[in-house]
C-alpha cells in the first residue's frame, strides 16, 4: 500500500508538469503560425523544441524503471522532475535564466545537489546486490558522489562552450550566450570578462551543492554503519 502511494504521488507531479508543458507547446505552435516577425517565429520554434524535450526527459525515470526493472525512490523522481521543470520550462521557455537575477546560480546549486543524490542512490543500488563485506564504505560513497557530480558539472560547462562556439561560427547574427560571454562585467571584484566569471561561479555553486550532499550523506551512512556494527557486536 505504501509503495502504491509513493508511485501515485510521483505520477501526480509528472502529469501536472506534462499538462503545463503541453499547454506551452500549444501556445508555441500558435505563436509560430500567427507570428508577425522572424524573432517571434524563432522564439516559438525554440519553445516547441524545448517543450518536446521536456516531455521526453520527464519520461526518462519511468523508462529506466521499466527497462532495467529498477525502483527509483519516489523523492528522487520528484526531485528530478522538479529540477527539469525549473530548468527547461521556467529557465528557458519563460526566460528566468536571463530575467531573474540569481536564478542561473540557484539552478547550478540544485544541479550539484541533485546529481550527488543520484550518485548516492546508484551506490545504494549496487551495494544491495553485494555481500556486506564487499559494499562500498560511507567515505568512498561520499567521494564517488562528489566526483560524479563535479564531473557532470564540468561536462555541462564544456557543452555550453561548444554550443556558444558552434553557433558563433555558423551564424554570428544569431548567437547563443550560454556562457554569458556577451554580457559586460560591471563588478569591481572580478578582473576577467563576464563569460569566465559566469563559468567559474556556475562550477563553484554546483560544487558547493555537491559538497553539501556528499558530506551530510557520508556522515549519515557512517552513523548508520556504526549502529549496524554495534548491533552485531
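The values are calculated or read from the model by the stated rules, or taken from the named source; none is laboratory data. Bear in mind that the values here come from a model prediction, so they are computed numbers and not experimental data. Heads up, the Cβs are rebuilt from the backbone with ideal geometry, glycines too, and the neighbour counts pull from every protein chain shown.
Please find, within the range 65-75, the residue that is modelled with the highest pLDDT out of those that are more than 17 Å from residue 16 (Cα to Cα) and surrounded by 13 or more Cβ atoms within 10 Å (Cβ to Cβ).
Here the answer is 73.
Hey, could you check the range 115-134 for residues that are without any contact (Cβ under 8 Å) to a residue 60 or more places away in the chain and under 22 Å from residue 157 (Cβ atoms) and say which is surrounded by the fewest Cβ atoms within 10 Å (Cβ to Cβ)?
Within the range 115-134, the match that is surrounded by the fewest Cβ atoms within 10 Å (Cβ to Cβ) is 118.
One line per residue, one yes/no per condition, for (1) on the phi > 0 side of the Ramachandran plot; (2) out of contact with any helix residue (DSSP H, G or I) (no Cβ under 9 Å at 6 or more places or on another chain); (3) at pLDDT below 90; (4) surrounded by 15 or more Cβ atoms within 10 Å (Cβ to Cβ):
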residue: 165; (1), (2), (3), (4): no, yes, no, no
residue: 172; (1), (2), (3), (4): no, yes, yes, no
residue: 176; (1), (2), (3), (4): no, no, yes, yes
residue: 184; (1), (2), (3), (4): no, no, no, no
residue: 192; (1), (2), (3), (4): no, no, no, no
residue: 196; (1), (2), (3), (4): no, yes, no, yes
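Can you tell me how many residues within the range 85-112 are in contact (Cβ under 8 Å) with a residue 60 or more places away in the chain and under 9 Å from the mean Cα position of the chain (by Cα)?
4
Going by the conditions given, is residue 52 modelled with pLDDT of 95 or more and either in contact with a helix residue (DSSP H, G or I) (Cβ under 7 Å, 6 or more places away or on another chain) or not in a loop (DSSP other than H, G, I, E, B) (or both)?
Spelling it out, residue 52 is indeed modelled with pLDDT of 95 or more and either in contact with a helix residue (DSSP H, G or I) (Cβ under 7 Å, 6 or more places away or on another chain) or not in a loop (DSSP other than H, G, I, E, B) (or both).
Any idea which of (1) modelled with pLDDT of 90 or more; (2) within 13 Å of residue 82 (Cα to Cα) is the one residue 44 doesn't satisfy?
So the condition that residue 44 fails would be (2).
Within the range 160-170, can you find the residues that are closer than 22 Å to residue 95 by Cα and without any contact (Cβ under 8 Å) to a residue 12 or more places away in the chain?
Passing the criteria: 162, 165, 166, 167, 168.
Which condition does residue 113 not pass, out of (1) out of contact with any helix residue (DSSP H, G or I) (no Cβ under 6 Å at 6 or more places or on another chain); (2) modelled with pLDDT of 90 or more, if it passes all the others?
Among (1) out of contact with any helix residue (DSSP H, G or I) (no Cβ under 6 Å at 6 or more places or on another chain); (2) modelled with pLDDT of 90 or more, residue 113 violates only (1).
Is it the case that the range 125-139 has a residue that's in the same structural domain as residue 214 (by TED's automatic domain parsing), part of a helix (DSSP H, G or I), closer than 23 Å to residue 14 by Cβ and more than 17 Å from the chain's Cα centre (by Cα)?
Scanning the range 125-139 turns up at least one residue that is in the same structural domain as residue 214 (by TED's automatic domain parsing), part of a helix (DSSP H, G or I), closer than 23 Å to residue 14 by Cβ and more than 17 Å from the chain's Cα centre (by Cα).
If a residue must be at pLDDT 90 or above and surrounded by 11 or more Cβ atoms within 10 Å (Cβ to Cβ), how many such residues does the range 31-40 contain?
So the count comes out to 2.
Residues being surrounded by 15 or more Cβ atoms within 10 Å (Cβ to Cβ) and at pLDDT below 95: count how many of those fall in the range 8-26.
Number of matching residues: 3.
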